[in-house]
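Participant: I have a structure here, written as structure tokens, and I will follow up with some questions on it.
The values are calculated or read from the model by the stated rules, or taken from the named source; none is laboratory data. Just so you know, these numbers come straight off a predicted model, no measurement behind them. Glycine also receives a Cβ, built like all others from the backbone with ideal geometry; neighbour counts cover every protein chain displayed. To get the accessible areas, we keep the full protein, side chains included, count just its heavy atoms, and leave off ligands, DNA and RNA. Shrake-Rupley method; radii C 1.70, N 1.55, O 1.52, S 1.80 Å.
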Amino acid sequence: MDVEELLENLKAVANPDDAAAMKAYMKNKFEFLGVKSLARRKLTKTLFKQQTNSVIDWNFINESWDNPYRELQYAALDYLEIRKKLLTPSDLPRLKKLA
């Protein structure tokens, strides 16, 4: 999965006014593009369905998590939610690191 592609898709539906409000709501701790949850989930659901392999893409998750925009971190969580049946006990250290 390509984080840059996801970022470009999110930017296409971003609203700068929403970004300012989201950043203020989170007490300026995170950067936001201004993509609301419903729009983000609709977009990511389409992208995530394209991935058919039977392993978790930890590279995608880590790249998304390291991105300054909070929406990409939320997308990583959306991805994990959709693929949760593929998680194994060996993934626990990685999940703890995200937490």
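Participant: Of all residues in the stretch 44-55, count the ones that are open to solvent by less than 40 Å² (accessible area, probe 1.4 Å) and over 10 Å from the mean Cα position of the chain (by Cα).
Facilitator: Qualifying residue count for the region: 3.
Participant: Tell me, please, whether a residue that is within 25 Å of N15 (Cβ to Cβ), open to solvent by 40 Å² or more (accessible area, probe 1.4 Å) and part of a helix (DSSP H, G or I) can be found in the stretch 56-64.
Facilitator: Yes, because at least one residue in the stretch 56-64 is within 25 Å of N15 (Cβ to Cβ), open to solvent by 40 Å² or more (accessible area, probe 1.4 Å) and part of a helix (DSSP H, G or I).
Participant: Just one of (1) of a type in the set (A, V, I, L, M, F, W, C); (2) open to solvent by 80 Å² or more (accessible area, probe 1.4 Å); (3) modelled with pLDDT of 95 or more trips up L33, so point out which.
Facilitator: Looking at each condition in turn, L33 falls short on (2).
Participant: When only residues in the stretch 65-99 that are assigned to a loop (DSSP other than H, G, I, E, B) and free of Cβ contacts under 8 Å to residues at least 24 places away in the same chain count, which is least open to solvent (accessible area, probe 1.4 Å)?
Facilitator: T88
Participant: Search the stretch 1-20 for residues that are closer than 16 Å to A39 by Cβ and pair each with any residue that is assigned to a helix (DSSP H, G or I) and not aliphatic (A, V, I, L, M) when their beta-carbon atoms are under 8 Å apart and the residues are at least 6 apart or on different chains.
Facilitator: L6/T44; L6/S64; L10/R40; L10/E71
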